[in-house]
Amino acid sequence: MSSPAAVPSAAFAETGLSVDGLWHGTFRSMASPVRVQLGPDTDEPEVLHRQVRALFGEVDRQCTRFDPDSDLMRANAAAKDWYAVGELCFTALREAERAHRRTDGWFDPRVLRTLVELGYGSTLPFADGRVDVGPRPERFRPAGKQWRPKFDGAGQRVRVGGKPVDLGGIGKGLALRWAADALRRARCATFLIDAGGDCVFSGAGPGGEGWYIGVEDPAGGDDPVAVLRVDEGACATSSTRLLSWRAGERTVHHLIDPHTGRPGGAGLRSVTVLGSKPDRAEVWSKVLFLHGADQIAKAARERGLAALWVHTDGRVGMTSAMRTSVIWDRL
Amino acid sequence: MPEQRGRAVRWNSAIVLFPGTAALFGATVAWAAATVPDTSTSSTSQPPAAASASVAGRTTGAQAVTRKQLAHEVATHRKNVRHLAHRLAKLRAQAARVEASARGSVAGAPVNVSSGGGGQVAAPPPVQVQPVAPAPAPPPVNTNTGASGAP
């Protein structure tokens with residue numbers, strides 16, 4: 001994630017107060033930088049920061065696909081057999097199944113198989129620049145019919161099904177949601193947590209006018225494509241800017257269309273969605289991206305989503321629901 | 001008798017003339033009150049600067065404030081015009097790109113465009129875009145959204 005020049009330099013310090021009066025803390029989790037900003041009236045910000053950090057760590061431990069011993073990967077290995085998982089993994093799988101239903105199958109965590117086949121079976125050094133995993137077989141298989149995992153609430157057990165699932169994006173969104181819930185329970189009214197480009201926020205921000213969020217230029221420019229002013233809710237962006245790689249002669253990315261089994265979103269570079277909850281904003285940003293440039297406006301309008309998207313040629317589109325939050329755009 | 005007759009004639013004349021004169025006087029007063037004198041100069045060749053000293057001398061404080069406000073409004077409108085011209089230039093560039101890509105995607109026989117009797121179609125006049133001031137910089141932000149899942 002690029003650093004906007006206008007953000008106070010102290011914002012990138014490990015912990016402490018910045019010039020804007022906010023308390024800042026940063027750490028890494030779920031393969032992403034996480035930054036916590038707390039209002040000046042927050043009691044014991046260090047304690048809250050540790051809680052948020054511990055929560056992210058636990059979600060990562062239970063839900064990562066990059067550790068074969070995580071609850072998720074053990075449940076994947078158990079496939080059609082019952083397997084007991086931790087509470088966070090159990091809830092995350094339930095939320096993923098709900099999202100799958102709500103989006104009519106556009107969100108499907110079973111695309112993990114395609115990602116592995118495309119060479120993204122382990123962490124790749126995206127931050128170091130161009131990644132090439134070598135030639136891969138062109139076997140694009142749709143995710144299949146509706147995903148129907150089984151849940152045993154009493155025993156906290158799941159039957160994932162025959163195809164392994166990935167909770168990457170929605171897992172991070174849920175970590176943000178649960179962290180925000182924890183801050184609210186601690187009577188922290190003003191905060192912003194940002195995890196690798198997705199964020200959740202509350203209160204009127206440091207200046208009392210709301211939080212200012214820059215929508216990154218997916219082409220990599222210094223200036224954002226737009227600046228949003230928000231006060232309560234969440235924001236998520238699905239973009240191919242970083243998680244793209246070469247697989248032989250092809251350039252592929254991590255946003256897989258479950259209907260085709262191929263990288264989707266023709267004609268788009270990124271989609272940003274505002275919503276009440278970060279996990280849902282994350283799901284919808286992904287789903288809208290997969291609709292591609294031709295269908296995204298219609299899909300976003302039909303769902304009443306506040307969405308902004310950037311075409312591969314740099315053009316920017318947005319819904320009227322998003323327009324009310326945009327205070328600056330580069331057009 | 002002639003003297004008596006002459007007196008009667010004079011009285012009759014006075015009775016007739018007095019109301020007429022009074023009406024004429026009243027009409028004259030009304031006209032004078034209602035008529036605004038035309039102060040414009042008959043010569044249009046005189047440069048404005050020649051009169052500026054005397055005009056400036058009569059300028060009141062309220063007029064100066066009004067003039068300042070108008071100047072401010074003009075400046076604001078000019079700024080808006082520059083901004084809109086900038087947006088228009090960008091939109092035209094985008095439209096040109098879209099048109100070019102649409103042309104590129106339609107592979108097939110060339111399209112003949114003619115009007116009426118098949119005469120030449122005049123090319124649209126070139127659009128001249130005035131140089132404009134750069135777009136305003138984005139405001140400071142608290143965080144960025146993008147590159148979801150960034151490592």
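Computed from phi, the 3J(HN,Hα) profile of region A:275-284 under the Karplus parametrisation 6.51, -1.76, 1.60 (θ = phi - 60°) reads x, 7, 10, x, 5, 6, 4, 5, 4, 6 Hz, with x in place of Gly and Pro.
The local environment of A:D43, defined by Cβ-Cβ distances under 15 Å, has a net charge of +1 under the rule Lys, Arg +1 and Asp, Glu -1. By the beta-carbon count within 10 Å of each Cβ, the least crowded to most crowded order of A:E138, A:E95, fewest first, is A:E138, A:E95. Using a cutoff of 8 angstrom between alpha carbon atoms and counting only pairs six or more residues apart, the relative contact order for region A:200-331 works out to 24 percent.
By counting other Cβ atoms within 10 Å of each Cβ, how are A:S238, A:S320, A:S244 ranked from fewest to most?
Details: A:S238 34, A:S320 10, A:S244 17.
Ordered by Cβ neighbours within 10 Å, fewest first: A:S320, A:S244, A:S238.
Place a point 7 Å from the Cα of A:R250 along the Cα-to-Cβ direction; which residues of region A:291-324 have their backbone N under 19 Å from it? Taking a point 7 Å out along Cα→Cβ of A:R250, the residues of region A:291-324 whose backbone N falls under 19 Å are A:291-293. Per q in 0.13, 0.19 1/Å, what log10 I(q)/I(0) does a Debye calculation on the alpha-carbon atoms of region A:154-295 return? So the normalised log intensities work out to -0.66, -1.16.
Counting other C-beta atoms within 10 Å, which of A:I327, A:I296, A:I193 has the fewest, and how do the rest follow? All intermediate terms of the calculation are to be shown ahead of the outcome.
Numbers: A:I327 15, A:I296 24, A:I193 27.
The fewest-first ordering by Cβ neighbours comes to A:I327, A:I296, A:I193.
Taking amide H as placed 1.01 Å from N in the peptide plane, A:V34 has its amide H under 5 Å from the amide H of A:F27, A:R28, A:S29, each at least 5 places away in sequence or on another chain.
Residues in region A:143-153 carry Karplus couplings, in order, of 5, x, 5, 3, 6, 10, x, 10, 10, 10, x Hz; the curve used is 6.51 cos²θ - 1.76 cosθ + 1.60 with θ = phi - 60°, and Gly or Pro positions show x. For the pair region A:52-88 and region A:146-193, the centres of their Cα atoms are 11 angstrom apart. In chain A, the C-alpha radius of gyration followed by the widest Cα-Cα span (Dmax) gives 19.3, 56 angstrom. Here the Gaussian network model covers chain A, with springs between Cα atoms less than 10 Å apart; of A:S122, A:S70, A:S270, A:S122 fluctuates the most.
Throughout, read-outs are computed from the coordinates displayed, never taken from laboratory work. All values derive from a computational prediction rather than experimental measurement. Methodologically, a virtual Cβ is constructed for each residue, glycine included, from the backbone with ideal geometry; neighbour enumeration extends over all protein chains shown.
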